[in-house]
1. Got a sec? Which of B:Phe46, B:Phe27 is surrounded by 14 or more Cβ atoms within 10 Å (Cβ to Cβ), closer than 19 Å to A:Ile69 by Cβ and either of a type outside the set (Lys, Arg) or at pLDDT 95 or above (or both)?
2. Looking at A:Arg60, is it away from DNA strand D (no atom under 16 Å from the Cβ) and either more than 9 Å from chain B (Cβ to nearest Cβ) or not polar (S, T, N, Q) (or both)?
3. How many residues, within region A:75-92, are part of a helix (DSSP H, G or I) and either within 14 Å of chain B (Cβ to nearest Cβ) or within 9 Å of DNA strand D (Cβ to nearest atom) (or both)?
4. Can you find a residue in region B:94-102 that is modelled with pLDDT of 95 or more and in a helix (DSSP H, G or I)?
5. Is there a residue in region A:102-117 that is within 16 Å of DNA strand D (Cβ to nearest atom) and within 10 Å of chain B (Cβ to nearest Cβ)?
6. Within the set of pairs 6+ apart or on separate chains, which have a first residue in region A:62-78 that is without any contact (Cβ under 8 Å) to a residue 24 or more places away in the chain, a second that is of a type in the set (S, T, N, Q) and in a loop (DSSP other than H, G, I, E, B), and C-beta atoms under 9 Å apart?
7. So B:Phe27 clears everything in (1) over 23 Å from B:Ala119 (Cβ atoms); (2) assigned to a strand (DSSP E or B) except one condition, right? Which one?
8. When region A:49-80 is examined, which residues are found to be surrounded by fewer than 21 Cβ atoms within 10 Å (Cβ to Cβ), under 19 Å from A:Trp112 (Cα atoms) and more than 8 Å from DNA strand C (Cβ to nearest atom)?
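The values are calculated or read from the model by the stated rules, or taken from the named source; none is laboratory data. What you see is a predicted model; the values in this text were computed from it and never measured. Cβ placement follows ideal geometry from the backbone for every residue including glycine, while neighbour counts extend to all protein chains displayed.
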Protein chains: 2
Amino acid sequence: MSDPGPEPRWLDDEERAAWRAMAGIVFGLPAALDAQLQRDAGVTHFEYTVMAALSETPGRTLRMSYLAILANGSLSRLSHVVKRLERQGWVERAPDPSDGRYTTATLTEAGWEKVVATAPGHVEAVRQLVLDPLSKTHVRQMREIGTRISHGLSPEGSCAAWPSPTSDE
Amino acid sequence: MSDPGPEPRWLDDEERAAWRAMAGIVFGLPAALDAQLQRDAGVTHFEYTVMAALSETPGRTLRMSYLAILANGSLSRLSHVVKRLERQGWVERAPDPSDGRYTTATLTEAGWEKVVATAPGHVEAVRQLVLDPLSKTHVRQMREIGTRISHGLSPEGSCAAWPSPTSDE
DNA sequence: GGCTGTGACTTGAAGGGTCAAGTAACAAAA
DNA sequence: TTTTGTTACTTGACCCTTCAAGTCACAGCC
């Protein structure tokens, strides 16, 4: 296909074992979390993330473009998803009064209730799948490791997103 | 939607920060790895995993059902994917002589060359995205953390399987 | 005011994944 | 030997995501 190039830096035993373990998470966890949300709430993880982001915003309203960043998805994907959420009556769209190019998405009362009803199960799943198997020390280490790797994935850090008191570092 | 239930065990600051960091990986890394393989080799990560698994087997042949476990996917998914790989001339299927219910998948010479040409770039991507940002200590910790979480995901461990540079070790 | 360029979405088609049936091969009972 | 059941795989329909246009709103220049 292409040239052989310089001798690749193969992984040693320790590295391969570590990557294999991480890969188990990376390719298995999304499916597990989606499964719980689908089963208990009939919602995808991305849909939940979108609604959760709105629910944590004062006024429960955000511009589509910013919401896309928060939810870590493309604008196109968000557009399709919000259309579905709108059909369910959980979200409403409206042009931004201050600039008609923007569209704002607002969580409806029904949407708020959906989030409130869904959140506990989701948090419980995160706890059982991710946190419970780890000691406090592990949790600290995971945070450090996760932060380092995430930084490399999206230079500005996918951290900008994520609603929460970012008290870190 | 449902009953309030017992008070959920919400995440504290440390836990939320750790989960947020991990989520960055879990929802970002697959896309990044797929992107590299798609761009440089026109192949999905799952397709690569399937071919890599075959390439590491003596005889480059495996039964579909075992291959599905190795590649961490459903039999249905594997069936669709192998059909595509067969169309490309990288894999061939044949009924197992010893039991007609089984189907065996065999990596062709062209498939072998595809793996050999693709592996270095993939390993390099894993290195850059996952290993390089970490110290040796972090790598050890990641292995431990990954192992613990993976165990909870699929009891028997998704460990059995794994792609890695064809030739070495 | 009309033109042009850019930004912010929206849309439709194409491709991959999952789920639910369906098929085919074997094994064991009748 | 036929029937029944199980295992292993395949297929088709539907859903979701991506990609490549297309649309609409505004801002700046003439």
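1. Details: B:Phe46 fails: closer than 19 Å to A:Ile69 by Cβ.
The conditions single out B:Phe27.
2. Values: away from DNA strand D (no atom under 16 Å from the Cβ): yes; either more than 9 Å from chain B (Cβ to nearest Cβ) or not polar (S, T, N, Q) (or both): yes.
Answer is yes for this residue.
3. We begin by selecting, within region A:75-92, every residue part of a helix (DSSP H, G or I); these are A:75-87.
Pick out the ones that are also either within 14 Å of chain B (Cβ to nearest Cβ) or within 9 Å of DNA strand D (Cβ to nearest atom) (or both) and you get A:75-81, A:84.
Adding up the residues that qualify gives 8.
4. No.
5. There is at least one residue in region A:102-117 that is within 16 Å of DNA strand D (Cβ to nearest atom) and within 10 Å of chain B (Cβ to nearest Cβ).
6. A:Ala68/A:Ser74
7. Exception for B:Phe27: condition (2).
8. The answer is A:Ala52, A:Ser55, A:Glu56, A:Thr57, A:Pro58, A:Gly59, A:Arg60, A:Thr61.
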